[in-house]
Amino acid sequence: MHFIKTYVICCMVLTCFVMSGLAIAKKYSISVGWTKPPYVIEKDDLGFEVELLKAVFSEMGHELNFVYVPFGRSHNLLVKGVVDIAMTLSPTVDINPAVYSDPYIIYQNVAISLKGRGIKLDKISMLSKYTIVASQNAKVNLGNEYFIAAEMSPFYIELPDQKNQVSMLLLGRTDVVVMDINIFNYLSKERIGASHMENVDVHRIFKVSPYHLGFLSAKLRDQFNQALKKIRRSPRYQALVDKYEFIQ
């Protein structure tokens with residue numbers, strides 16, 4: 001009789017845990033492009049974007065298993081059901097039957113020149129007068145006006161390794177680099193040991209690029225959106241901004 005009472009009590013406690021959500025913690029697989037500091041640093045699953053997502057899912061009571069793939073293939077794993085979630089997706093990409101989250105990260109492509117050059121850029125078309133070293137696929141991703149300016153440039157090249165972009169600008173081997181402002185800030189500090197932002201002109205001639213997560217589960221997506229709002233209002237978010245000296 002005592003055993004039966006104990007069993008019933010245990011079942012009731014377990015039911016309460018399940019109903020409260022405490023017994024449904026999961027480890028979700030999430031696809032992510034290869035290392036792109038300061039957003040993604042594959043070693044030890046670090047970087048602003050990666051750590052932000054870990055914080056949000058921790059708030060939800062879950063963990064993440066990061067699956068690193070070449071850039072642009074992340075959504076394929078999601079559509080095929082290989083992973084539960086995919087990172088850094090543009091809503092222009094068809095991920096049916098998956099669904100998009102609210103924007104959780106914003107990239108800001110800019111044109112950057114050395115202050116000593118005195119370069120003035122008020123619009124994208126003005127780039128056509130200058131030599132340009134851009135990030136990979138910039139001609140494809142930055143619109144028709146940029147494509148035309150790049151075609152008219154006296155010298156134009158796209159580099160897969162963005163460290164080389166930074167080096168070419170700092171060595172005076174190009175007039176302008178076109179890349180994300182936080183990537184430039186991180187890589188220039190890595191190269192010279194200190195922030196270089198005071199020595200460059202930042203030309204904000206491109207629109208910001210908000211990115212979303214793709215989810216196979218609409219319910220999980222809704223939970224993520226709520227937890228994301230909470231984390232953004234918390235000291236944990238500001239600590240991440242400070243850690244990576246993020247320019248927002």
Only one of ASN137, ASN141, ASN109 is among the polar types (S, T, N, Q) and at positive phi; which?
ASN137
Quick check on my filter: what residues within region 91-126 are among the hydroxyl-bearing types (Ser, Thr, Tyr) and loosely packed, with under 14 Cβ neighbours inside 10 Å?
THR92
Taking region 189-222 as the region of interest, how many residues are buried (at least 17 other Cβ atoms within 10 Å of the Cβ) and modelled with pLDDT of 95 or more?
13
Scanning region 22-61 residue by residue, those in a loop (DSSP other than H, G, I, E, B) and of a type in the set (A, V, I, L, M) turn out to be LEU22, ALA23, ILE24, ALA25
If the requirement is being under 30 Å from ASP84 (Cα atoms) and outside the structural domain of PHE57 (by TED's automatic domain parsing), which of these qualifies: GLN136, GLN165?
GLN136
Return the pairs, sorted by first residue and then second, in which the second residue is modelled with pLDDT under 95 and not β-branched (Val, Ile, Thr), the first residue lies in region 188-216 and is in the same structural domain as THR174 (by TED's automatic domain parsing) and in a helix (DSSP H, G or I), the beta carbons are less than 6 Å apart, and the residues are 6+ apart or on different chains.
SER188/HIS196; LYS189/SER195
Output the number of the condition that ASN137 fails; it satisfies all remaining conditions of (1) in contact with a helix residue (DSSP H, G or I) (Cβ under 9 Å, 6 or more places away or on another chain); (2) under 15 Å from SER209 (Cβ atoms).
(1)
What single numbered condition from (1) in contact (Cβ under 8 Å) with a residue 24 or more places away in the chain; (2) within 29 Å of GLN238 (Cβ to Cβ) fails to hold for LYS43?
(1)
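The values are calculated or read from the model by the stated rules, or taken from the named source; none is laboratory data. All values derive from a computational prediction rather than experimental measurement. Don't worry about glycine lacking a Cβ; one is built from the backbone with ideal geometry, like all the others, and counts go over all protein chains shown.
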